[in-house]
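Some notes on the structure that comes next.
Just so you know, all these numbers are worked out from the coordinates, no wet-lab data involved. These numbers come from a predicted model, not from an experiment. Note that we place each Cβ from the backbone using ideal geometry, even for glycine, and neighbour counts take in every protein chain shown.
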Amino acid sequence: MTVPNPNPNPSPAYGQGPQSGWVPTPPAPPSAPEVPNRRRAWIIYGAVALVSLFVGVGIGAGGEGDTADGSNGEVKSAPRPTVTVTKTARSEAEPAPTVTKTVTAKPKKTQEAGPVSSFAGEGEYVVGEDIKAGTYKTAGPEGGFGCYWERAKDASGEFGSIIANNNLEGPGRVTLNNGEYFKTNRCQAWKKVG
């Protein structure tokens, strides 16, 4: 039985013309790519790993063929270790005589901990705690960049806390009062002069 063609002028396909009554069917729409089943993938990976394990064990357990020592896989007995026991005879020594000598030590005079009267030219010091109040002198800069010193009312580092400062190119003096903070950079040692 032939199916009547609803299209009076169909285009011929695969060598068939309009006289045959053949109706071409449109191609199927492309389907979405199939997402591989994760479970199936894990089973395949597991099987490959298991087969690899058995192959490796089989190769390692084979033991046939020449070995590095030329023994052709034969098992040789290893030489047995020899045990040597050494006994040391103990001799009883007489105890040494005890000598007791009484020495009276005189304590050395030490300086009390407190502010110092000279200090390094690099650092920040509290006058009255770290260094003594007074006038100090330095020989000038340690290097070629100048000797910077600063007297401040607190350790905040703010511009408003600076009482006085200077950048010396040669020797200099500064008078410090109790409670001030003294900061010095790139200077030679400071020594109290008054």
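So the values come out like this:
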quantity	calculated
Estimated inter-spin distance, Arg39 and Asn166, nm [label 7 Å along Cα→Cβ]	9.0
DSSP beta bridge pairing in segment 119-194, given as percent antiparallel to the nearest 5	95
